[in-house]
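One structure below.
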Amino acid sequence: MNILLCTNGRYAKFAAISIYSILKNNCNENINFYIFIDNTVTDVNDFNKIQNCYSNSKIQLINVDKISKTLFSNLYLKTPEHISAYFRLLIFVYLQNLDRLLYIDSDIICLKPIHNLYYTDLGENLIGAVPEYVLTKGDHPTIKRRYKKMADYFIEKFKSDLNGYFNSGVMLFNLNKIKDKNREFIRLMKIARKNNNFFHDQNVFNIVYKNKVHFLDWNANVLNDLRSLACLRFEFDIIKNYQKLTTDPIFLHFTPTRPWDNSNVENANLWNSMKQELDKL
């Protein structure tokens, strides 16, 4: 298996926790981890500990600092730190020889084996991903009103709607179907330069791979906040319906509320358990 994470100095610890959680639940899999980092990552001790403890894994750190500053510093950024969101576009620069690759965000932990997910038949589709659940409820009056600006932006900027919009926190790349990786990178960068609102690379991937995505099971990328009745961002009926769809998470995605920022967030105990186990390695 090939798995990619992208991180900076602030999130390196959390990326290591994500990797540890995968290995803990996939002891019989041989996994190559590729981690795109920049110069803010100065402590790699956690990655070394994991590498030494799990013989079935190989962790390769790839410093993309120079190329990212050259290519991404002038793109849409909510904060300068968000430049790392664009690192995953470099799949088509540094990982051209891979046939298949699973990308995960660093605010995710794994709770189950990923074998079946990783080997999902994507057919002729170029990626596999999970839809943004709230955007599948476009007929919900509150949701329609809340996302009107984003919907209008997509129509005006890209001549596209939000139907089929997916979350980029977990993406399975069918790389053997993309023959010209250099050209693919140019396509992605063209959209990245055009995008200037709402989301970073997530908008880019959604535009480029619209109608070329296989929708994975909801449990492949479970948004932790959206399952919580304590979350005030979403309506009760939205949360209850999402809970019914996501009863058996493979990947639990802590966004936008992170357990390292808020210890009261639902399932923080699961994340803290992974952190403590990693610290004891």
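The values are calculated or read from the model by the stated rules, or taken from the named source; none is laboratory data. A quick note: this is a predicted structure, and the numbers were derived from the prediction, not measured. Positions of Cβ are generated from backbone atoms using ideal geometry, with glycine treated the same way; all protein chains shown enter the neighbour counts. Areas reflect the complete protein model, heavy atoms only, side chains present, ligands, DNA and RNA absent. Shrake-Rupley method; radii C 1.70, N 1.55, O 1.52, S 1.80 Å.
Binning the C-alpha pair distances of the stretch 57-148 at 5 Å intervals from 0 yields a P(r) profile of 2, 8, 14, 16, 18, 17, 14, 7, 3, 0 %, listed from the shortest bin outward. Excluding same-chain residues fewer than 8 positions from residue 49, which aspartates and glutamates have a Cα within less than 15 Å of its Cα? Correct list for residue 49: 277, 279.
Look at the alpha carbon pairs under 8 Å that are at least 6 residues apart: their mean separation over the length of the chain gives a relative contact order of 22 percent.
Between the beta carbons of residue 229 and residue 66, assuming R0 = 30 Å, the FRET efficiency works out to 0.05 to the nearest 0.05.
Restricting attention to the stretch 107-207, which GluC sites (Glu not before Pro) occupy a DSSP loop and are surrounded by at most 12 other Cβ atoms within 10 Å?
On the way: sites: 124, 132, 156, 184; in loops: 124, 132.
Sparse-neighbourhood loop GluC sites (Glu not before Pro): 124.
In the context of the full set of protein chains, residues of the chain present 47 Å² of accessible surface per residue (probe radius 1.4 Å, heavy atoms only). One chain, two ends: residue 150 and residue 97. Fully extended at 0.36 nm per residue, the span grows by 15.5 nm beyond their Cα-Cα distance.
Taking every alpha-carbon pair under 8 Å whose residues sit at least 6 apart, the stretch 73-198 reaches a relative contact order of 44 percent. Based on the alpha-carbon gyration tensor of the stretch 67-118 and its eigenvalue square roots a ≥ b ≥ c, which shape applies: rounded if a/c is under 1.5, prolate if not and a/b is larger than b/c, or oblate? Verdict is oblate for the stretch 67-118.
Note on residue 194 and residue 255: their simple-model spin labels are 2.2 nm apart, each label 7 Å out from Cα toward Cβ.
What's the FRET efficiency of residue 112 with residue 40 using the Cβ-Cβ distance as r and R₀ = 41 Å, to the nearest 0.05? Could the numbers behind the result be given before it?
Working: r = 32 Å, r/R0 = 0.78.
Result of the calculation: an efficiency of 0.80.
For a straight C-alpha distance cut-off of 25 angstrom, the lysines reachable from residue 144 (same-chain residues fewer than eight places away being disregarded) are 78, 157, 159, 194, 210, 212, 240, 244.
With a 1.4 Å probe and all protein chains left in place, how much of the accessible area of the stretch 27-123 comes from carbon and sulfur atoms, in whole percent? Heavy-atom surface of the stretch 27-123 belonging to carbon and sulfur, 1.4 Å probe: 45 percent. Extending 7 Å from the Cα toward the beta-carbon at both residue 52 and residue 140 defines two label points whose distance is 4.8 nm. Along the stretch 124-138 the Karplus relation, 6.51 cos²θ - 1.76 cosθ + 1.60 evaluated at θ = phi - 60°, assigns HN-Hα couplings of 8, 5, 8, 9, x, 7, 9, x, 6, 4, 5, 7, 7, 9, x Hz to successive residues, with x for each Gly and Pro. Quick check: from the Cα gyration tensor, does the stretch 96-203 come out rounded (a/c under 1.5), prolate or oblate? Oblate, because a/c is 1.5 or more while a/b does not exceed b/c.
Solvent-accessible area of the stretch 186-281 (1.4 angstrom probe, protein heavy atoms only): carbon and sulfur portion equals 50 percent.
What dipole magnitude, in Debye to the nearest 20, does the chain give about its Cα centre under +1 on Lys/Arg Cβ and -1 on Asp/Glu Cβ? Don't skip to the answer; put the middle values down first.
Numbers: 36 positive and 28 negative charges, 154 e Å.
For the chain, the charge dipole is close to 740 debye.
Using r as the Cβ-Cβ distance of residue 236 and residue 24, and R0 as 22 Å, what FRET efficiency do you calculate, to the nearest 0.05? Step by step, r from the Cβ atoms, then E = 0.05. Shape summary: the stretch 1-89 maps onto an equivalent ellipsoid whose semi-axes, from the alpha-carbon gyration tensor, are 26, 12, 11 Å in decreasing order.
Based on Cα atoms of the stretch 1-160, Rg over Rh with Rh as the Kirkwood radius reads 1.01. For residue 179, the aspartates and glutamates whose Cα comes closer than 20 Å to its Cα, not counting residues fewer than 8 places off in the same chain, are 99, 121, 124.
Roughly how compact is the chain, stated as its Cα Rg over 2.2 N^0.38 Å to two decimals?
Numbers: Rg = 18.2 Å, N = 281, 2.2 N^0.38 = 18.7 Å.
Here the answer is 0.97, to two decimals.
The label point for residue 247 and the one for residue 280, both projected 7 Å from the Cα toward the Cβ, are 3.2 nm apart.
Compute for the stretch 146-243: radius of gyration divided by Kirkwood radius, i.e. Rg/Rh, restricted to C-alpha atoms, rounded to two decimals. Spell out each step's value before the answer.
Details: Rg = 15.5 Å, Rh = 15.4 Å.
My calculation of the ratio gives 1.01.
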